[in-house]
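Quick notes on the structure that follows.
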Amino acid sequence: MSTSDERSSRSVIPITPLPAEGEMVSLYQAHQKIYPRSVQGMFARWRWFTVFITQLLFYGLPWLEWGQRQAVLFDLGARRFYIFGWVFYPQDFIYLTALLVISALSLFLFTAVAGRLWCGFACPQTVYSEIFMWVERKFEGDRSARLRLDAAPMSINKLSRKSGKQIVWLLLSLWTGFSFVGYFTPIRELTHAVLSLGLGPWEIFWILFYSLATYGNAGFMREQVCKYMCPYARFQSAMFDKDTLIVTYDEARGEPRGARSKQADLKTLGLGACVDCTLCVQVCPTGIDIRKGLQYECIGCGACVDVCDTVMDKVGYPRGLVKFSTQNALDQGWAWGQMVRRIFRPRVLIYTAILWAIILGVGASLWLRLPFKVDIERDRATLARVVSGGQIENVYRLQIMNASEQPLMFNLDVAGLSGLRLVTEPQVQVAATESRWVSVRLQLPYEAASAGSHPIDFRIQARWPNGHEVGLLHEKTVFLVPR
């Protein structure tokens, strides 16, 4: 082969010209605003149902009373956490850990079974974005009206619509921040402080901080939070498999796509069921085209399913061109029953077993939990010593925490060494939901035990005001005998 032929057979790599001097080159793709179209359908109704339930709980719980106090209150100042009939202390941190583990395992389980259901229906980012977009549509209209309004020059009409939307957004954000702080400061006291302009600096900071986060995330960032900030979108693929229920486009049925009249014969035109209306793109809150396959930006909200079913109804085609299905079901043509049976695969069963084991364990722990706690520590300011009468004395500090909403009477006793006795008052009363430090002195006859450290057992018996026993708690510590 000649040299010229060799040169002609080589692939030519295009060279991008360098930017001119002084020209600015952006390293990031410019953000294009997404204008989601409103949609009606089964999944839209489910999404609004979860919006209603979650916001009813979030806004309503702080106002719910339990006895003479707020039903759900995290009193950080007093280190008390009230959840209906339970009172928790920082020492109960294990329950928070269990709750986080249950939440994580639930997320793994639901994702393995049905994809990003949490993202599409219950995530706060989705919920508040849905509320804010509803307000936006009320002021500016649906997708086409918003596009025209944004493209139009500034006018009184445009200014009034934009201003009204922003005012309602700000009010919703402030109410959200106020409700959030109401979980940490009694909300009735907080309301009085707001009305009397007597808010403290921390209350002001957190109300404004949470309000700004809601306003920015739901009003402006929206899909950017899901696409760029949320880590779940990045590692979701590790929890998916070919039997995970996801939003899918039936390419075999839909392609080749193209416009046609309602009476047209698809076989004659050589077209698939997709009419290429792009409505599935227009309703997507993250702006993706589901016909290109599953993408990490998809939050599984089902909006494209609803709108595609509506289009199929209008043109007289069967529903299900875009639907919730699995990769195996599409590839092998499974019926719904076959697809559902694959839910009970080993991975899902293991997640379910672990999750229920933890839930039952935490439930049993809460059911058997004593309504008081005792922490014992040696008094570091007082060493083991010999006192009058030839007695060896150790001093301890007991923190007795009453986790009930009634006063409790505690009887203190000690065992473990022959001749060991309690020389301080054996009865201690602790008010409801309070803790009390008690100094306890133990004495042992000299030469009753060898020098060194000896294990002993504090026995704390609690009684209700009516005299009925609450429970008996054993706490281990040591008694020191000096050389």
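Please treat every number below as a calculation from the coordinates, not as lab data. Only a predicted model underlies this, so the values are computations on that prediction, with no experimental measurement involved. A quick note on method: Cβ atoms are made from the backbone with ideal geometry, for glycine too, and the neighbour counts reach across all protein chains shown.
Restricting segment 81-137 to chymotrypsin sites (Phe, Trp or Tyr not before Pro) that sit in a DSSP loop and have at most 15 other Cβ atoms within 10 Å of their own Cβ leaves F84. Sorted ascending by nearby beta carbons within 10 Å, beginning with the fewest, H468, H454 become H468, H454. Per the Kirkwood formula applied to alpha carbons, the chain shows a radius of gyration over Rh ratio, Rg over Rh, of 1.15. Inter-label distance, I343 to W356: 1.4 nm, where each label sits 7 Å from its Cα along the C-beta direction. Applying a length cut-off of 15 Å (Cα extent along the axis) and a mean Kyte-Doolittle floor of -0.5 to the DSSP H helices of the chain leaves 42-60, 93-114, 124-140, 156-181, 201-216, 303-315, 346-368. For the pair segment 370-409 and segment 171-248, the centres of their Cα atoms are 44 angstrom apart. Straight-distance candidates among the lysines for linking to K138, with alpha-carbon spacing under 27 Å and chain neighbours fewer than 8 residues away dropped: K33, K158, K162, K165, K227, K314.
Across segment 67-78, computed HN-Hα scalar couplings (Karplus, 6.51 cos²θ - 1.76 cosθ + 1.60, θ = phi - 60°) run x, 10, 9, 5, 5, 10, 8, 10, 7, 5, x, 8 Hz from first to last residue, x flagging Gly and Pro. Taken over the Cα atoms of segment 244-326, the convex hull encloses 82 Å³ per residue. Once the C-beta distance of D241 and L147 is scaled by a Förster radius of 60 Å, the resulting FRET efficiency is 0.90 to the nearest 0.05. For a label point 7 Å from the Cα of M409 along Cα→C-beta, name the residues of segment 439-475 whose backbone N is under 11 Å from it. Under cut-off, by backbone N: 463-469. On full extension, the segment bounded by Q332 and Y183 gains 48.5 nm, given 0.36 nm per residue less the C-alpha separation.
Extending 7 Å from Cα along the Cβ direction at R436 and again at H192 yields two label points whose distance is 2.8 nm.
Which of rounded, prolate, oblate describes segment 42-236, given a ≥ b ≥ c as roots of the alpha-carbon gyration tensor eigenvalues and a/c under 1.5 marking rounded, otherwise prolate only if a/b is larger than b/c? Oblate shape, in that a/c is at least 1.5 and b/c is the bigger or equal ratio. All other residues whose Cβ lies under 14 angstrom from that of Q125 are scored, Lys and Arg at +1 and Asp and Glu at -1, for a net of +1. Extension gain, S155-S365: 0.36 nm per intervening residue step, less the Cα-Cα distance, totals 69.2 nm.
Under the combined filter of DSSP loop state and at most 16 neighbouring Cβ atoms within 10 Å, segment 430-483 retains these chymotrypsin sites (Phe, Trp or Tyr not before Pro): Y446.
Calculated FRET efficiency, W202 to S163, Cβ-Cβ distance, R0 = 45 Å: about 0.90 to the nearest 0.05.
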